[in-house]
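Reading through the structure tokens given below for one structure.
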Amino acid sequence: MSAPDHPSDKNAQDQSSKQSLWHANILTLFPEMFPGTLGLSLSGRALERGIWSLEAIDIRAFTEDRHKTVDDTPFGGGAGMVMRPDIIEKAVRSITRKGKMIYMSPRGKPLTQEKVAELAALPALTILCGRYEGVDQRVLDACDFEEISIGDYVLSGGEPAAIILMDACIRLLPTVMGNEETPYEESFSNGLLEYPHYTRPADWTDAKGVVRSVPDVLKSGHHEHIKTWRMQESLRLTHERRPDLIERLKKEV
């Protein structure tokens with residue numbers, strides 16, 4: 001899934017992307033990092049079934065010097081190197097099904113479940129993974145990249161962030177999760193954190209000798225009572241752990 005060396009490989013990838021429901025192009029210096037964990041479990045099976053498709057594009061394939069240089073020193077001085085705009089633009093122009101342009105960046109807007117649903121509804125994304133000190137601002141402007149952050153911390157590159165974004169999107173695609181109601185009962189889908197889950201055994205003795213039992217209401221079979229309990233638990237956990245979400249809900253009402 002790296003940049004193809006033969007025209008037939010490129011044609012095969014183009015055909016796969018056209019047939020899939022959702023397609024992601026990844027611009028990266030490390031195409032071997034993909035699909036990574038996305039090739040396993042639910043997302044992996046969905047990839048095999050053609051529900052989504054992926055092309056990991058090696059940015060170095062678009063350099064012209066023998067050292068395959070993709071970066072240079074920053075104007076104005078400072079530490080580190082900056083990825084060159086001309087090389088990235090060439091990589092972008094090689095893509096036939098670009099879709100929305102995304103740059104994974106700690107200075108971007110925070111990724112939310114609402115944003116994930118928006119991106120999952122699109123037919124295609126192109127995700128740029130930066131390295132070094134980042135990417136020349138001019139190519140972000142020229143190609144209309146939207147900057148998205150997965151949190152207030154810095155990674156060594158955008159690839160792990162891209163995998164997180166893609167995982168969040170893929171699980172929302174039709175038939176991927178199996179139970180169509182599942183994505184709408186999870187944390188953030190209704191603005192609240194998710195309620196606790198329990199399974200067998202109904203009574204479990206932990207390593208300290210403490211007996212821990214499943215709440216009686218979940219064993220009652222009374223669906224309305226269970227629904228009420230789950231909502232109350234969601235509210236309780238959200239109040240305790242994310243009061244900012246409660247404040248946000250109040251402003252929306």
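All of the numbers you see were taken from the coordinates with simple rules; none came from a lab. Because the structure is predicted, anything quoted here is derived from the model rather than measured. Note that we place each Cβ from the backbone using ideal geometry, even for glycine, and neighbour counts take in every protein chain shown.
The table below gives the values:
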quantity: Long-range amide H partners of residue 128 with built H, under 5 Å; calculated: 27, 102, 103, 104
quantity: Residue list for the range 129-154, given a label point 7 angstrom along the Cα-to-Cβ vector of residue 79 and an amide N cut-off under 18 Å; calculated: 131-135, 153-154
quantity: Rel. contact order, % - alpha carbon contacts under 8 angstrom, at least six apart, the chain; calculated: 17
quantity: Computed [θ] at 222 nm, helices only, for the chain once each DSSP H run of length n ≥ 4 contributes -39500 (n - 2.57); calculated: -10500 deg cm²/dmol
quantity: Nearest-ten-degree value, helix 7-19 long axis tilted from longest Cα axis of the chain; calculated: 30
quantity: Inter-site label distance for residue 68 and residue 207 at 7 Å from Cα along Cβ, in nm; calculated: 4.6
quantity: For the chain: rounded, prolate or oblate by the Cα gyration tensor [a/c cutoff 1.5]; calculated: prolate
quantity: Rounded tilt (10° steps) of 223-241 against the dominant C-alpha axis of the chain; calculated: 60
quantity: Principal semi-axes in Å for the range 187-252 [√(5λ), Cα gyration tensor, largest first]; calculated: 28, 16, 8
quantity: Rounded to 5, the percent of DSSP beta bridges in the chain classed as antiparallel; calculated: 20
quantity: Residue 227/residue 21 FRET efficiency (R0 22 Å; Cβ-Cβ; nearest 0.05); calculated: 0.10
quantity: For the range 199-214, Karplus couplings with θ = phi - 60° (6.51, -1.76, 1.60), whole Hz, Gly/Pro x; calculated: 9, 5, x, 5, 10, 10, 9, 7, 5, 8, x, 8, 7, 10, 10, 5
quantity: Cβ crowding within 10 Å averaged over residues, with 193-204, 22-33 ranked highest first; calculated: 22-33, 193-204
